[in-house]
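Below is one structure, written out as structure tokens; the observations come after it.
The values are calculated or read from the model by the stated rules, or taken from the named source; none is laboratory data. Model, not experiment: these values are computed from the prediction. Neighbour counts run over all protein chains shown; Cβ positions are idealised from the backbone, glycine included. Each accessible area value is taken on the protein alone, full model and side chains, heavy atoms only, with ligands, DNA and RNA left out. Shrake-Rupley method; radii C 1.70, N 1.55, O 1.52, S 1.80 Å.
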Amino acid sequence: MEFCPKCGGLMVPAVVNGKKVLKCQSCGYVKEPANPGRAYRVEEKIERHPLDKVVVFDVDVATLPVVQFKCENCGNDKAYVYEVQTRAGDEPATRFYICTKCRKVYREYA
Ligand SMILES: [Zn+2]
Ligand SMILES: [Zn+2]
């Protein structure tokens, strides 16, 4: 949960110009999550498990390791790697790759 740096209001996910951002409920302040080093909200639909609708996690990409990864979207060859436990502990963690350039999210089951 995040709060507005201007007025302290609750920041809620919103879509502005096709981009996912956080927007203050009170004053309308918009935080651009695409800025490098800022917290970045990732939403990924899970098709394989219908019961899991959306995985949402907040991650500060500046703290993530960067690995060699070919991005099909922009041709970049580096991505942040992030592991998240989306299910009960009896299933392996899901690994996400986030392109360092265009921020496209790729999912890989470990
Ligand atoms: Zn505000
Ligand atoms: Zn890319």
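See the values below:
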{"item": "Residue match in region 40-57 (condition: at pLDDT 70 or above, under 25 Å from E2 (Cβ atoms) and within 12 Å of the chain's Cα centre (by Cα))", "result": "no"}
{"item": "Complete set of residues in region 79-109 that are of a type in the set (S, T, N, Q), modelled with pLDDT of 75 or more and in a loop (DSSP other than H, G, I, E, B)", "result": "T100"}
{"item": "Residues being at pLDDT 85 or above and either hydrophobic (A, V, I, L, M, F, W, C) or in a strand (DSSP E or B) (or both) - total across region 16-30", "result": "6"}
{"item": "Residues of region 6-22 classified as under 24 Å from R103 (Cα atoms) and open to solvent by 80 Å² or more (accessible area, probe 1.4 Å), total", "result": "4"}
